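This report concerns only the one structure given below.
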Amino acid sequence: MKVLVIGGAGYIGSHVVKSLMARGHEIAVFDNLSSGLRQNLFPENRFIYGSILIKDDLDKAFALGFDAFVHLAAFKAAGESMISPEKYSVNNISGTLNIMNSAVEHGCKKMVFSSSAAVFGEPKYLPIDENHPKNPENYYGFTKLKIEEFMAWYDRLKDLKFAALRYFNAAGYDVDGFPCGLEQNPANLLPVIMETACGKREKMKIFGSDYETRDGTCIRDYVHVSDLAEAHALALEYISKNNESLPVNLGSEKGVSVKEMLESARKITGKPIPADFVERRAGDPANLVASSALAREKLGWTPKFSDVETLIKSTWNAYQKS
């Protein structure tokens with residue numbers, strides 16, 4: 001298939017491009033390079049510089065003729081979304097509607113969307129499955145939930161078939177070493193740990209030490225980015241073969257606390273990685289762990305690289321190259 005990967009120069013997007021290429025798809029990347037990097041682009045792919053906020057840019061891209069598209073161009077920092085909701089409204093909601101409108105106008109009606117576990121909010125039960133109530137605790141999660149609702153309506157009204165992939169926490173880097181472009185201004189735990197290990201940060205902050213978890217710090221379900229990338233490719237094949245939409249959770253089904261990730265990183269890197277405990281962030285649930293049973297059933301997906309050691313080692317290798 002001819003696939004347009006929107007946000008394909010970014011951290012997750014570049015890994016998705018690699019996975020799609022490995023399955024023989026013809027790829028073009030659409031990106032404004034605000035957080036994506038030219039070094040993450042593969043020379044054999046067409047690159048289209050453009051913004052999802054400029055519909056004319058999208059119309060020109062979709063006019064090239066694509067069978068499907070992958071949308072990875074949403075902002076994703078939960079903490080920032082609570083401070084600057086207007087930024088997330090414009091980019092995530094308005095930008096996505098621009099994408100979907102251009103796509104359907106040009107007959108491109110297969111969509112894979114990077115959604116988020118943030119749509120669920122504080123868990124009512126664990127592990128979180130697809131039927132769990134959706135009550136986001138941060139504005140970022142709210143935007144992802146609204147996009148899922150828009151996609152469901154476009155499926156009904158415009159026959160836009162979609163896969164909404166609800167990640168838990170993306171982490172790690174390609175184990176073969178490319179792509180390896182580092183995230184710009186990262187807010188996620190593992191990149192922050194690595195920046196501290198490298199000396200780019202003097203010390204890191206741990207947000208909250210009094211959660212009702214085994215060590216007082218937040219517990220998250222970390223999924224290796226290459227495993228997520230494979231899920232995108234499998235999801236595209238699923239909606240193409242079955243002509244039906246699919247919201248699905250993607251997680252390792254194992255929870256790792258902030259303290260546990262930090263201590264493992266100290267052992268693997270041999271660095272002290274100074275850290276201070278600070279106040280909790282608004283919108284941070286205590287414990288998020290997925291059920292990936294539906295992904296196994298529908299997509300045949302199981303994570304291969306999502307153990308803590310591979311997550312940390314592959315990330316440390318990328319940071320040592322930079």
Self-check item: Degrees separating the helix 225-242 axis from the principal Cα axis of the chain, which is the longest one
Solution: 30
Quiz item: Quick one: putting +1 on the C-beta of Lys and Arg, -1 on the C-beta of Asp and Glu, what dipole do you get for the range 1-89 around its Cα centre, in Debye to the nearest 20?
Solution: 200
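On a full-extension model of 0.36 nm per residue, what is the gain between GLU260 and LYS200, subtracting their alpha-carbon distance, rounded to one decimal in nm? Display every interim value, and only then the final one.
On the way: separation 60, 0.36 × 60 = 21.60 nm, distance 2.16 nm.
Length difference between fully extended and current span is 19.4 nm.
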Quiz item: Can you list the aspartates and glutamates whose alpha carbon is less than 20 Å from that of LYS241, not counting same-chain residues fewer than 8 positions off?
Solution: GLU26, ASP67, ASP155, ASP159, GLU230, GLU297
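Please label the shape of the range 170-322 as rounded, prolate or oblate, based on the square roots a ≥ b ≥ c of the eigenvalues of the alpha-carbon gyration tensor (a/c under 1.5 means rounded; beyond that, a/b larger than b/c means prolate, else oblate). Working shown, then result.
On the way: a/c = 2.36, a/b = 1.48, b/c = 1.60.
It is oblate, given that a/c is not under 1.5 and a/b is not larger than b/c.
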Practice problem: Using DSSP, restrict attention to beta bridges with both residues in the chain and report what percent are antiparallel, rounded to the nearest 5. | Solution: 5
Self-check item: Extended-chain gain in nm, criterion 0.36 nm per residue less alpha-carbon gap, LEU53 and ASN185
Solution: 45.4 nm
Exercise. Grab the DSSP H runs of the chain that are 4 residues or longer, score each as -39,500 (n - 2.57), total them, divide by all residues and round the 222 nm result to the nearest 500 deg cm²/dmol.
Key: -11500 deg cm²/dmol
Quiz item: Between the helical axis of 95-105 and the dominant principal axis of the chain, each derived from Cα atoms, what acute angle in degrees is found, rounded to the nearest 10?
Solution: 30
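Calculate the dipole size of the range 228-299 relative to its Cα centre from +1 charges on Lys and Arg beta carbons and -1 charges on Asp and Glu beta carbons; express the result in debye to the nearest 20.
Values: 10 positive and 10 negative charges, 47 e Å.
Approximately 220 debye in magnitude.
Leaving out ligands and nucleic acids, and using a 1.4 Å probe, what accessible area per residue does the chain come to in Å²? Can you show the working numbers first?
Numbers: 13580 Å² over 322 residues.
Accessible area per residue: 42 Å².
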Exercise. Using only Cα atoms, locate the centre of the range 75-115 and the centre of the range 117-145, then give the distance between them in Å, rounded to an integer.
Key: 18
Exercise. Consider just the alpha-carbon atoms of the range 1-62 and return their Rg together with their Dmax, both in angstrom.
Key: 10.8, 31
Quiz prompt | (i) 54, 19, 15; (ii) 30, 22, 19; (iii) 46, 18, 17, with the label sought being that of the calculated semi-axes √(5λ) of the Cα gyration tensor in Å | solution = (ii)
Quiz prompt | the chain, accessible surface, carbon-and-sulfur percent (1.4 angstrom probe) | solution = 49
Quiz prompt | Choice from PRO191, PRO247, PRO272 with maximal GNM fluctuation in the chain (Cα, 10 Å cutoff) | solution = PRO272
Exercise. Springs between alpha-carbon atoms under 10 Å, Gaussian network over the chain: tell me which of ALA77, ALA229, ALA22 tops the mean-square fluctuations.
Key: ALA22
Quiz item: Pairs LYS76/LYS313; LYS18/LYS259; LYS146/LYS267: which are spaced more than 29 Å apart, C-alpha to C-alpha?
Solution: LYS18/LYS259; LYS146/LYS267
Quiz prompt | Cα-based helix-to-principal-axis angle, 139-158 vs the chain, degrees rounded to 10 | solution = 20
Exercise. Count the net charge of all other residues whose Cβ sits under 11 Å from the Cβ of HIS132, scoring Lys and Arg as +1 and Asp and Glu as -1.
Key: 0
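Provide the gained length on full extension for the span ASP159 to ASP176, in nm with one decimal, where the gain is 0.36 nm per separating residue minus the Cα-Cα distance.
On the way: separation 17, 0.36 × 17 = 6.12 nm, distance 3.83 nm.
Between ASP159 and ASP176, full extension yields an extra 2.3 nm.
The values are calculated or read from the model by the stated rules, or taken from the named source; none is laboratory data. The structure presented is a predicted model; accordingly, all values stated were derived computationally and were not measured. Methodologically, a virtual Cβ is constructed for each residue, glycine included, from the backbone with ideal geometry; neighbour enumeration extends over all protein chains shown. All accessible areas refer to the heavy atoms of the entire protein, side chains included, with ligands and DNA or RNA removed. Shrake-Rupley method; radii C 1.70, N 1.55, O 1.52, S 1.80 Å.
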